Amino acid sequence: MKHILLTLAALSIIACQADELDTKVADTKTDCGAAQLQNLVGQDQSTLEGMSFDAQNVRIITPGTMITMDHLETRLNIAIGEDGKITRVYCG
């Protein structure tokens, strides 16, 4: 009985480590670059003029803009508020 419990404990530890590794690999494949652009929040939308982004798909969302609800982890979204300031930078 002791051997079974020890084996189960060892397997659960291995499974947890594998899940953690899978998550880290998945994050690098789906990074749209939003984390590196959080300094844009609060700045005027004119800051975006002439900027280039690593993401292949970039969506600027201004007030009243209709957007699709599909979630693309590699798409960079930049939301602009009524005052013309950047309110949010996120993937999706």
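So Ala35 ticks every box in (1) open to solvent by 60 Å² or more (accessible area, probe 1.4 Å); (2) over 20 Å from Ile86 (Cβ atoms); (3) at pLDDT 55 or above but one. Which box is left unticked? Tallying (1) open to solvent by 60 Å² or more (accessible area, probe 1.4 Å); (2) over 20 Å from Ile86 (Cβ atoms); (3) at pLDDT 55 or above, Ala35 fails exactly one: (2). Across the stretch 22-32, a minimum of one residue is classified as at pLDDT 95 or above and surrounded by 10 or more Cβ atoms within 10 Å (Cβ to Cβ). Of the residues making up the stretch 36-45, those that are more than 16 Å from Pro63 (Cβ to Cβ) and part of a helix (DSSP H, G or I) number 5.
Could you count how many residues in the stretch 67-78 are open to solvent by 60 Å² or more (accessible area, probe 1.4 Å) and either touching a strand residue (DSSP E or B) at 6+ places or on another chain (Cβ under 7 Å) or modelled with pLDDT of 95 or more (or both)?
Going through the stretch 67-78, the residues open to solvent by 60 Å² or more (accessible area, probe 1.4 Å) turn out to be 67-74.
Checking which are either touching a strand residue (DSSP E or B) at 6+ places or on another chain (Cβ under 7 Å) or modelled with pLDDT of 95 or more (or both) leaves us with 67, 72-74.
Summing the residues that are open to solvent by 60 Å² or more (accessible area, probe 1.4 Å) and either touching a strand residue (DSSP E or B) at 6+ places or on another chain (Cβ under 7 Å) or modelled with pLDDT of 95 or more (or both) in the stretch 67-78 gives 4.
Among residues of the stretch 38-60 being among the β-branched types (Val, Ile, Thr) and closer than 16 Å to Thr74 by Cα, the one that is least open to solvent (accessible area, probe 1.4 Å) is Val58.
The values are calculated or read from the model by the stated rules, or taken from the named source; none is laboratory data. Just so it is clear, the model here is predicted, and its values are computed rather than measured. Methodologically, a virtual Cβ is constructed for each residue, glycine included, from the backbone with ideal geometry; neighbour enumeration extends over all protein chains shown. Side chains are part of the model used for accessible areas, which takes the heavy atoms of the whole protein and leaves out ligands, DNA and RNA. Shrake-Rupley method; radii C 1.70, N 1.55, O 1.52, S 1.80 Å.
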